[in-house]
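Structure first, then comments.
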Amino acid sequence: MKKALLILSSAALLAACQSGNPQLGKSSLDKVLKAMTLEEKVHFLIGTSETIVPGAAGTTYSIERLGIPSIVLADGPAGLRIEPVREGDANTYYCTHFPIATLLASTWNQELVEQVGFAMGQEVHEYGADVYLAPALNIHRHPLNGRNFEYYSEDPVVAGKTAAAYVRGVQKNDVGTAIKHFAYNNQETNRTGNDAVISRRAQREIYLKGFEITVKEAEPWTVMTSYNKINGTYTSQSYDLVTTVLRDEWSFKGAVMTDWFSGDDGAAQIAAGNDMLQPGTDLQYEQIMAALKDGSLSEAQLDVCVRRCLELVLRSPKAKGYAFGNNPDLVAHAAVTRQSALEGMVLLENKGVLPLKGAGKVALFGCTSYDFIPGGTGSGNVNRAYTVSLLDGLKNAGFTVDESKKDVYLKHIADELAAYKASLPKDGSADFYPVPRPSELDLSASELAASARNNDLAIITFGRNSGEFFDRTRADFSLSDKERKILNDVTAAFHRAGKKVIVVLNVGGVIETASWKNIPDAVLLAWQAGQEGGNSVTDILTGKQSPSGRLPMTFPVDLMDAGSSANFPIDSDTGVYFTNRRVDIGQKDVDRTVYAEDIYVGYRWFDKKGLDVSYPFGFGLSYTTFEYSDPAVKASGDGLEASVKVTNTGNVAGKEVVQLYVSAPAGGLDKPVRELKAYAKTRELQPGQSEVVTMKVDAYSLASFNEGSSAWEAAAGEYAIAFGASSRDLRQTVPFTLAQGKSWPAHDVLAPKQPVQKL
Ligand code: BGC
């Protein structure tokens, strides 16, 4: 049947050629564009619900008579999201579940992220997709954003550099990326209607900066606009954002697509330069046609978008006739995900217990030890063939694991899951939602005492899951009473028997740690490490590789310490309310979120306020130690070049992440205490070995956005250049004088209707 269709369509194509129609790829774009009817043009800009690759998020409209094929858009960012099984087909189409974005950012290793992106891109190519709807790089404005796991960091330089590396890797396969969600998509609560009220400076320096870096450094094929509004206008309908900033200022040459069903006016989206509307609705078709008819949208405006979409289709594997094999090397990619996950895990505490010396007998506690979480839910979920639990990872490495409680745990997990599923609406509308973590088991004192007698070590895993549609809650941020009880009781029993306890955090976002982190002997933040998670955690615990992950965000002592907590819809799913620490800035409901902390997001806030944190931005322990020496900073180009010598002063091999923090000269604009401007990771250094790392920062990267002059300005004067092992562990500081100030004009756009009243 399929074959007959193919023959038919090539016959139709031939007939079309013979009838003299221009053909995409063979005739000039001008000719193809000219040959399109108005109806065809409008259809072409609107997605279709046609299924080419089952489970892919969208397709574009094909016009056979002009040789325009339909291209396939499929989700990420932790791996390709397609259906793994197809009706009447014995083959499977599983994809590799790679580590979540936040873990990749925690590697601070752009080369490694590029390799992971390359492996992901191979699966995109081999499974017949053309554009991979990833990476996602919105700023972690608040710890409870439900999609933070898909995003990288509270810092735009980490977000931008990580995304750029990822895009380079994916696009080496001649498939496209869609960097998303452009922009200010920092909460799930009322995500399709929320108006983000943000000053121009905070937009430029914090929320747009990562996108700017990625566009300029990696040239993604496409950009996906977000659901929310910016200062009253849907991002997909904002000419200022999509054309003035993205194209005119940053020279973006690709196509822009909407997020799925976003905005409320298809014609306004096209007028803004948002070229493609996905997944496409009849209403959008009518809106565009009506606007063309009444003259509020011109055909010339339409053609600009049509041309960019034609260019996108033209460069796709589909247009090149790529014969995909549906057979990517999943075995090789399993090795990529296992290895890459190691570099992004962050060792938070270690009282001499890690790395484990020799394989002993291990008791596992916490439901998640038996049921590891590879990643978050929603469109960022990946249909993988398997997930390695911690139990299996330890066994694979030769540990004897006490399995006496395994069946009890597995039954308890299955029962709670079944009860949850039974409570869902039967129409499938909630299937996409994050599944709540099972409650912890009650374990008696005598059971625990016996376990401590019979085993050499205890590992407790705490899990958290989240995803699209919901923000996390305060309850999710803290350990539950049962989790606390397990932690206290297991630790007491094992310590009494002279044995150690390790906590593994299998989480997708920040949780509270300050109140309990000193109870166990070690805490490993494993994040959600993809399908090989249990093996990767074991590799770290056994010291196969020294931990070299560093936090791309701050872990606060108290959730309410974060500046953004004053204006984030905390606990929105239990009835929307804002915290009583909110200052009165006129915010009434979830329709508006005022970014009153302004540019002071993450460490910029905690440093400005001088607040203690549980773990600072950039923090992470290693099994070895590093010394920084010979710091040097010199002028280079219009900016500076900084270098420092890093020596491994410990007993085992390891990699160090050197973070370059810059404090601006006093006077002029209000500035953060310090800001990350560059970073570098050493190669693996053997004990005693050194490496000199060099980082460049141009003058533009030193600049702040002056709303008064609507320009980026790098002030002349003395900057403090600090080489840090974290934002609060500065090892060497060197002054650098920028002899002459410099400025870069920018368009005066995207202003809030009223000035943002700042905290
Ligand atoms: C998400 C996007 C995703 C799209 C297509 C939307 O709900 O916000 O990230 O790419 O769906 O699945």
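Which three lengths, in whole Å and largest first, does the range 2-314 cover when its Cα atoms are put on their principal axes?
58, 52, 32
Quick one: divide the alpha-carbon radius of gyration of the chain by 2.2 N^0.38 Å and tell me what you get. Intermediate results must be reported in sequence, preceding the final value.
Details: Rg = 26.4 Å, N = 759, 2.2 N^0.38 = 27.3 Å.
Here the Cα radius of gyration is 0.97 times the empirical estimate.
Rank Leu685, Ser710, Ala664 by how far each Cα sits towards the positive end of the charge dipole of the range 626-745 (+1 on Lys, Arg Cβ; -1 on Asp, Glu Cβ) and give me just the farthest.
Leu685
Under a point-charge model restricted to the Cβ atoms of Lys and Arg (+1) and Asp and Glu (-1), what is the dipole moment magnitude of the chain relative to its Cα centre, in debye to the nearest 20? Before the final figure, lay out the partial values.
Working: 76 positive and 89 negative charges, 235 e Å.
Using Cβ point charges on Lys, Arg, Asp and Glu, the chain gives about 1140 debye.
Would you tally the net charge around Thr281, using a Cβ to Cβ cut-off of less than 12 Å, leaving Thr281 out, and scoring K and R as +1, D and E as -1?
Numbers: positive: none; negative: Asp264, Asp265, Asp282, Glu286.
So the surrounding residues net to -4.
Cross-link list Lys229/Lys758; Lys320/Lys696; Lys216/Lys320; Lys26/Lys253; Lys180/Lys482: which exceed 30 angstrom alpha carbon to alpha carbon?
Values: Lys229/Lys758 20 Å; Lys320/Lys696 39 Å; Lys216/Lys320 26 Å; Lys26/Lys253 22 Å; Lys180/Lys482 38 Å.
Table pairs above 30 Å Cα-Cα are Lys320/Lys696; Lys180/Lys482.
So, in Å, what gap is there between the alpha-carbon centers of the range 482-533 and the range 380-449?
So the separation of the two Cα centres works out to 17 Å.
If you average 1/r over every pair of different alpha-carbon atoms in the range 610-685 and take one over that average, what Kirkwood value in Å do you get? All intermediate terms of the calculation are to be shown ahead of the outcome.
Details: mean 1/r = 0.0675 Å⁻¹.
Value: 14.8 Å, from the Cα pair sum.
May I have the extent of the alpha carbons of the range 345-550 along their three principal axes, as whole Å values ordered from largest to smallest?
52, 38, 33
Given only helices, namely DSSP H runs of n ≥ 4 each adding -39500 (n - 2.57), what is the per-residue ellipticity at 222 nm of the chain, to the nearest 500 deg cm²/dmol? Write out the running numbers ahead of the final one.
Values: 20 runs with 210 residues, N = 759.
Dividing the helical sum by the residues of the chain leaves -8500 deg cm²/dmol.
Taking the Cα centre as origin and putting +1 on Lys and Arg beta-carbons and -1 on Asp and Glu beta-carbons, what dipole magnitude results for the range 345-550, to the nearest 20 debye? Please report the intermediate quantities before stating the final value.
Details: 24 positive and 24 negative charges, 118 e Å.
The dipole of the range 345-550 has a size of about 560 debye.
Where the Cα atoms of the range 466-523 are projected onto their three principal axes, how long is each span, largest first, in whole Å?
Computed over the Cα atoms, the extents are 46, 18, 16 Å.
Evaluated at 37 °C with a viscosity of 0.692 mPa s, what Stokes-Einstein diffusion coefficient in µm²/s does the range 84-154 have when Rh comes from the Kirkwood expression over alpha-carbon pairs?
Values: Rh = 14.0 Å.
Rounded, D is 235 µm²/s.
Based on the mean of other Cβ atoms within 10 Å per residue, sort peptides 203-211, 684-692, 421-429, 61-69 so the most packed one is first.
Working: 203-211: 25.1, 684-692: 14.4, 421-429: 8.8, 61-69: 20.2.
Taking the mean over residues of other Cβ atoms within 10 Å, the ranking is 203-211, 61-69, 684-692, 421-429.
List Lys406, Lys180 from most exposed to least, where exposure is judged by having the fewest other Cβ atoms within 10 Å.
Working: Lys406 14, Lys180 29.
Sorted ascending by nearby Cβ count, the order is Lys406, Lys180.
Run the numbers on the range 127-223 and let me know its relative contact order in percent, using alpha-carbon pairs under 8 Å that are six or more apart.
On the way: 156 pairs, mean separation 37.3, N = 97.
Dividing the mean separation by the residue count of the range 127-223 yields 38 percent.
Kindly work out what percent of the DSSP beta bridges joining two residues of the chain are antiparallel, to the nearest 5.
Details: 61 of 100 bridges.
Antiparallel bridges make up about 60 percent of those DSSP assigns within the chain.
Using the per-residue mean of other Cβ atoms lying within 10 Å as a proxy for protection, in what order, highest first, do the peptides 544-550, 143-149, 491-497 fall? Numbers along the way, then the final one.
Numbers: 544-550: 24.6, 143-149: 28.4, 491-497: 18.7.
Going from most to least packed, we get 143-149, 544-550, 491-497.
Over all directions, what mean area does the Cα convex hull of the range 626-745 project, stated in square nanometres?
Working: hull surface 29.2 nm².
Averaging across all directions leaves 7.3 nm² for the Cα convex hull.
So, in Å, what gap is there between the alpha-carbon centers of the range 685-712 and the range 733-759?
16 Å
What order, most packed first, do the peptides 465-475, 709-719 have when packing is the mean number of other Cβ atoms within 10 Å of each residue?
On the way: 465-475: 20.3, 709-719: 17.1.
Sorting 465-475, 709-719 by mean packing, highest first, produces 465-475, 709-719.
Let me know the Rg and Dmax you get for the range 190-267 when you use only its Cα atoms, in Å.
Rg, Dmax (Cα atoms, Å): 12.2, 33.
Order by neighbour count: Arg141, Arg437, Arg453, fewest other Cβ atoms within 10 Å first, most last. If you can, show how the numbers build up before the last one.
Details: Arg141 29, Arg437 22, Arg453 12.
Ascending Cβ contact count within 10 Å gives the list Arg453, Arg437, Arg141.
Return the whole-Å distance between the Cα centroid of the range 313-370 and the Cα centroid of the range 120-151.
The distance from the Cα centre of the range 313-370 to that of the range 120-151 comes to 16 Å.
Most exposed first by the Cβ proxy, i.e. fewest other Cβ within 10 Å, how do Tyr661, Tyr679, Tyr184, Tyr386 rank? Can you show the working numbers first?
Details: Tyr661 26, Tyr679 22, Tyr184 30, Tyr386 12.
Sorted ascending by nearby Cβ count, the order is Tyr386, Tyr679, Tyr661, Tyr184.
Can you find, among Ala529, Gly360, Val504, the residue farthest towards the positive end of the dipole of the range 345-550? Put +1 on the C-beta of Lys and Arg, -1 on that of Asp and Glu.
Gly360
Give me, ordered by chain and number, the residues 5 or more places off His181 or on other chains with an amide H under 5 Å from its own placed amide H.
Close amide H contacts, sequence-distant or interchain: Leu137, Asn138.
Stretch Tyr700-Asp407 to full length: gain in nm at 0.36 nm per residue minus the Cα-Cα span?
Values: separation 293, 0.36 × 293 = 105.48 nm, distance 5.89 nm.
Going from the current span to full extension adds 99.6 nm.
Please compute the contact order of the chain in relative form: average sequence separation of alpha-carbon pairs under 8 Å and at least six residues apart, divided by the residue count, as a percent.
Over the chain, the number comes to 14 percent.
Laboratory data are not the source of any read-out in this text; all were calculated from the coordinates shown. Keep in mind it's a predicted model, so treat the numbers as computed, not measured. Cβ coordinates were reconstructed from backbone atoms using ideal geometry, including for glycine residues, and neighbour counts include every protein chain displayed.
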